[in-house]
Amino acid sequence: MNYSGYAHIHTIGCQMNVYDSEKLGTVLNALGYQPTPDPEQADIIVCNTCAVRHKAEEKAFSFLGRFARDKQKKPHLITVMAGCVAQQEGNNAFQRLPHLDLVLGTQAFSRFSRHIEALKSGQRRITDTDPSDVIFEALPDDTAFAENPVSKFVTIMQGCDNFCTYCVVPYVRGRERSRPWQSIVEEIKVLADNGIREVTLLGQNVNSYGAKENSLSFAGLLEKVAAVDGIHRIRFATSHPKDLSEELIQAMAKLNKVCNHLHLPVQSGADRILKKMNRGYTRELYLSRIDALRSAIPDIGLSTDIIVGFPSETVSDFEDTMALVEQVGFDSIFAFAYSDRSFAPAARFSDPVDEAEKMARLNRLLAFQDTVTRKKNEQMTGRVLRVLVEGVSAKQHDGFVKTTPHTRQMTGRSETNKVVHFPSDTLTPGDLADVRIDNAYPHSLWGQPLEQMFQ
Ligand code: SAM
Ligand code: SF4
């Protein structure tokens, strides 16, 4: 097959990886590649990997493994493993994937272009896991590899110093470092000029932004970002309960552009397990932070992460988690069965929980949360939510009726991060609209726009 000039980037894992993939896309675009959703079409295939759980790691090996035979038909095909699994595995990746061309670690992205050029001139099996690249990327070009036309992730920090005992992140993404606020604001100004209306500021622990550098606090950064014209909404992830300051809660309450939503991972409701996880807070402290948030921002939407089946977690510890979830009443949760990561200390903890028991606990937690999420969504009916319009819905709702030939079913998100679908002739991506909610579903809301707000 001839050279086509197409590149395919497959992203596994978190929001940070979505951001990193767009950066890799920017580099490929500058080298003359166009994106294709079809890996069969591509001359270069990149898998941006996640090492947080065993399953995610296996997905990366199985995705890249598919292209061994294609290389025989297409000798110029370049295959790349990027990100956390690449950093963790280094040269070992070639043992399972002998046809792989480049292993690009988490701190080697600024050398991606150079490595691609070397591969194009015939070099093979390059590994770059050098942790020396602490430079935050330059301003992005708005490339064809972007995923959302109105909302973008912006990295404000890299790495993590918290060393939760289950987590591989500090080992594969290095120590915590904050990006200078001027560079963040410059990037966001460029995004706003290119039509982006919402930014999500990303870091493993955004609440400690600037602390190590003794510079601007995260609350201070929010003020700077809120001053950027054209940006309607600001979100951020992830917050750590131990660093959620009163200053930040007050900034969230005061700054209209900062969404009434917080993702605050609790991980467990049992003090004994929180201690073994090295989370640095107690159940009581977590609940007091939730109270402080709700008294400053009464209609705040809350979500969390939970790990079930951490080594030595008893039935009673798990019941503490269930009780906390019931008490807080989260809008949504991300729950995971504990997965051993060989770099992380918990892999050597005694008293593992049986796999079947882990899955039973996970399923019970998820089933309970489904009922809570459904109830929370039902409470939205009759209310008017301000929605940032993202585009035409991927799937048409059963109740969708065309009132004119131009009516489309649009989709967007409320400030509290709920997906809202509604019919419209006129609204376009980037508009803010007030939508009256008529129906609630397990994962979305359906309503009628009252009027167009502003663009
Ligand atoms: N920095 C964030 C924090 O402090 O919560 C999130 C980091 S991690 C990439 C995302 C989530 O994956 C964590 O909140 C945790 O619930 C989950 N996670 C991390 N390591 C895990 C493991 N070994 N097994 C299962 N889930 C894990
Ligand atoms: Fe991992 Fe804990 Fe750091 Fe989050 S705070 S990235 S869970 S070590």
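For the range 188-220, enumerate the residues that are more than 24 Å from Val169 (Cα to Cα) and surrounded by 20 or more Cβ atoms within 10 Å (Cβ to Cβ). The answer is Ile188, Leu191, Ile196, Arg197, Glu198, Ala219. Consider the range 301-334 and keep the residues that are in contact with a Lys or Arg (Cβ under 9 Å, 6 or more places away or on another chain) and hydrophobic (A, V, I, L, M, F, W, C). The one that is nearest to Asp370 (Cα to Cα) is Phe330. So which pairs qualify, if the first residue must be in the range 165-180 and closer than 22 Å to Asn214 by Cβ and within 9 Å of ligand 2 (Cβ to nearest atom), the second must be part of a loop (DSSP other than H, G, I, E, B) and of a type in the set (Lys, Arg), the Cβ gap must be under 7 Å, and the two must be at least 6 apart or on different chains? Short answer, once both residue conditions are applied: Glu176/Lys212. The number of residues in the range 380-414 that are touching a residue at least 24 places away in the same chain (Cβ under 8 Å), surrounded by fewer than 18 Cβ atoms within 10 Å (Cβ to Cβ) and assigned to a loop (DSSP other than H, G, I, E, B) comes to 5. The residue that is surrounded by the fewest Cβ atoms within 10 Å (Cβ to Cβ), among those in the range 40-84 that are outside any helix (DSSP H, G or I) and small (Gly, Ala, Ser), is Ala42. Could you say whether any residue in the range 213-235 is modelled with pLDDT under 95 and either within 16 Å of ligand 2 (Cβ to nearest atom) or of a type in the set (Val, Ile, Thr) (or both)? Scanning the range 213-235, I find no residue that is modelled with pLDDT under 95 and either within 16 Å of ligand 2 (Cβ to nearest atom) or of a type in the set (Val, Ile, Thr) (or both), so the answer is no.
Within the range 319-355, if we keep just the residues that are within 15 Å of ligand 2 (Cβ to nearest atom) and not in a loop (DSSP other than H, G, I, E, B), the residue that is nearest to Asp271 (Cα to Cα) turns out to be Ala346.
Going by the structure shown, is Val225 more than 16 Å from ligand 1 (Cβ to nearest atom), under 16 Å from the mean Cα position of the chain (by Cα) and crowded, with 21+ Cβ neighbours inside 10 Å? Please lay out each step first, then the result.
On the way: more than 16 Å from ligand 1 (Cβ to nearest atom): yes; under 16 Å from the mean Cα position of the chain (by Cα): no; crowded, with 21+ Cβ neighbours inside 10 Å: yes.
When the stated conditions are applied, Val225 does not pass them.
Residue pairs whose Cβ atoms lie under 8 Å apart, sitting 6 or more positions apart in sequence or on different chains, and linking a residue in the range 85-106 that is on the phi > 0 side of the Ramachandran plot to a partner that is part of a strand (DSSP E or B), are Gly90/Val103; Gly90/Thr127.
Which of the residues that make up the range 1-39 are away from ligand 2 (no atom under 16 Å from the Cβ) and part of a loop (DSSP other than H, G, I, E, B)? First the steps, then the outcome.
The first filter runs over the range 1-39 and keeps only residues away from ligand 2 (no atom under 16 Å from the Cβ), leaving 1-12, 18, 21-39.
Across the range 1-39, the qualifying residues are Met1, Asn2, Tyr3, Ser4, Gly5, Ile12, Leu31, Gly32, Tyr33, Thr36, Pro37, Asp38.
Yes/no matrix, rows are residues, columns are (1) over 17 Å from Phe109 (Cβ atoms); (2) modelled with pLDDT of 95 or more; (3) of a type in the set (Lys, Arg):
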{"residue": "Cys50", "(1), (2), (3)": "no, yes, no"}
{"residue": "Leu64", "(1), (2), (3)": "yes, yes, no"}
{"residue": "Gln72", "(1), (2), (3)": "yes, no, no"}
{"residue": "Pro75", "(1), (2), (3)": "yes, no, no"}
{"residue": "Ile78", "(1), (2), (3)": "no, yes, no"}
{"residue": "Gly83", "(1), (2), (3)": "no, yes, no"}
{"residue": "Gln88", "(1), (2), (3)": "no, yes, no"}
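Here the condition is being of a type outside the set (A, V, I, L, M), touching an Asp or Glu at 6+ places or on another chain (Cβ under 6 Å) and either in contact (Cβ under 8 Å) with a residue 24 or more places away in the chain or within 28 Å of Tyr166 (Cα to Cα) (or both); of Thr36, Thr49, Thr26, it holds for Thr26 alone.
The values are calculated or read from the model by the stated rules, or taken from the named source; none is laboratory data. Small disclaimer: the values here were computed from a predicted structure and weren't measured. Heads up, the Cβs are rebuilt from the backbone with ideal geometry, glycines too, and the neighbour counts pull from every protein chain shown.
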